[in-house]
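Would you mind keeping the following structure in view while I ask a few things?
What follows draws every value from the coordinates through simple rules; no lab data is involved. Since we're looking at a predicted model, the values are computed, not measured. Here the Cβ positions follow ideal geometry from the backbone for every residue, glycine too, while neighbour counts run over all protein chains shown.
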Amino acid sequence: MQFSDPQAIPFVADCERSARFYATFGFSETFRSPQEEPVKIELALGGFGLGLALPGPAAESHGITPVTTGHRACLALWTDDVDAAYALALTAGATDHRGPHPFRDGSLQVAFVEDPDGHPLQLVQRAG
């Protein structure tokens, strides 16, 4: 038995809006269904898959109970410039959670924003 192509699937209010937000960071669309008013859009960046799905259709199709509030998961993006990435995220529609700050005894610089659906996005840079 083998496994491949992992994908995180956050539930979102608007797949196209969320896809535009994540495209800001270099994610590329790989799939959408249906083409008009999609209920799921899949994106990829560096071998990582991100599926953006509407909770209602997911519940109806798969018999699951999507959680749509609170910090359900955190997506981390590594960067070479956390200050610029933080500013870019805010310009792209993110909400500030905590600006750039040192972490792990200063070995990392980290910032947190929330994407348009309230999912935490951690921006991380190795310091020095």
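If each residue of separation counts as 0.36 nm, what is the full-extension length gain between residue 90 and residue 76 once their alpha-carbon separation is subtracted?
That pair, residue 90 and residue 76, stretches by 3.5 nm at full extension.
Of the options 3, 47, 93, report the single residue whose Cα projects farthest towards the positive end of the charge dipole of the range 1-107 (beta-carbon charges: Lys, Arg +1; Asp, Glu -1).
Of 3, 47, 93, it is 3.
Related question: So how strong a dipole does the range 75-126 carry about its Cα centre when Lys and Arg Cβ are +1 and Asp and Glu Cβ are -1, to the nearest 20 debye?
Rounded to the nearest 20 debye, it is 160 debye.
Turning to a different aspect of this structure: Any idea what the dipole of the chain comes to, in debye rounded to 20, about its Cα centre with Lys/Arg Cβ at +1 and Asp/Glu Cβ at -1?
Dipole size: approximately 280 debye.
Further question: Quickly rank 16-28, 35-47 as a protection proxy: mean count of other C-beta atoms within 10 Å, highest first.
16-28, 35-47
Provide the packing ranking of 100-112, 67-79, i.e. peptides ordered by the mean count of other C-beta atoms within 10 Å per residue, highest first.
Per-residue mean Cβ counts within 10 Å order the peptides as 100-112, 67-79.
Could you tell me how many degrees, from 0 to 90 and to the nearest 10, lie between the Cα long axis of helix 82-91 and the main elongation axis, the longest principal axis, of the Cα atoms of the chain?
50 degrees
Output wanted: per-residue J couplings in Hz (rounded whole) for the range 61-78, from phi through Karplus 6.51 cos²θ - 1.76 cosθ + 1.60, θ = phi - 60°, x for Gly and Pro.
6, 10, x, 9, 10, x, 8, 10, 9, x, 7, 7, 6, 10, 9, 9, 10, 7
Nearest 0.05, what FRET efficiency do residue 101 and residue 44 give at R0 = 35 Å with Cβ-Cβ as r?
For residue 101 and residue 44, the calculated efficiency is 0.75.
Order by neighbour count: 124, 12, fewest other Cβ atoms within 10 Å first, most last.
Sorted ascending by nearby Cβ count, the order is 124, 12.
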